[in-house]
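For reference, the structure discussed in these notes is given below.
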Amino acid sequence: MNNAFDPAAKPGQLLARGVCRHLLTHDFVSIEEFSPERGKRVDVAALGPKGEIWVIECKSSRADFQSDGKWPGYLDWCDRYFWAVDAAFPLDLLPDGTGIMIADAYAAEIIRMAEPRKLPSARRSALIRKFARDAARRLQWLRDPQV
């Protein structure tokens, strides 16, 4: 598998890359651009060792954050919700109760843990299955782009 850095990646994609690397240190696996349901797409969805689900939205600028009014709709799809921003981002813009990660293309650090939420069991089960199927489909596509 090609693990090269993509020089054409957009700023939000670079943040997501660093976030995904950091999540591994917490024993979380992740998928970028995950759709928990039709019409919703989160930047990073992460699955923890106990079945916990975190959603991380990557914001590369003040304008990027202010133009995103969809994020409250993601709260019903995770146990914890985070923002990933770079070190220059004005943190006072980010809502209380949400987590904050400072990230770049290579790493991230949680500087404020998100408040816990409890997903209903049926939704958690459905999300874990969808996460697994999406991850397997992406791996298959990487191995055989013709399918």
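Each reported figure results from applying straightforward, stated rules to the coordinates on display, with no laboratory input. On a predicted model such as this, the values are computed, not experimentally measured, just so you know. No Cβ is skipped: glycine too gets one built from the backbone with ideal geometry, and neighbour counts run over all protein chains shown.
Figures for the structure shown
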quantity	calculated
Unit charges at the beta carbon, dipole of the chain: most positive-side option, 75, 58, 87	75
Highest-MSF residue in the chain out of 36, 116, 90 [GNM, Cα springs under 10 Å]	90
The range 25-135, relative contact order [Cα under 8 Å, separation at least 6], %	20
Helix-derived mean residue ellipticity, 222 nm - over the chain, DSSP H n ≥ 4, -39500 (n - 2.57), to 500	-9500 deg cm²/dmol
Neighbour-count ranking [beta-carbon atoms within 10 angstrom, fewest first] of 83, 141, 71, 54	141, 71, 54, 83
³J(HN,Hα) computed for each position of the range 49-61 - Karplus, 6.51 cos²θ - 1.76 cosθ + 1.60, integer Hz, glycine/proline x	x, 9, x, 6, 10, 10, 10, 10, 9, 9, 10, 8, 6
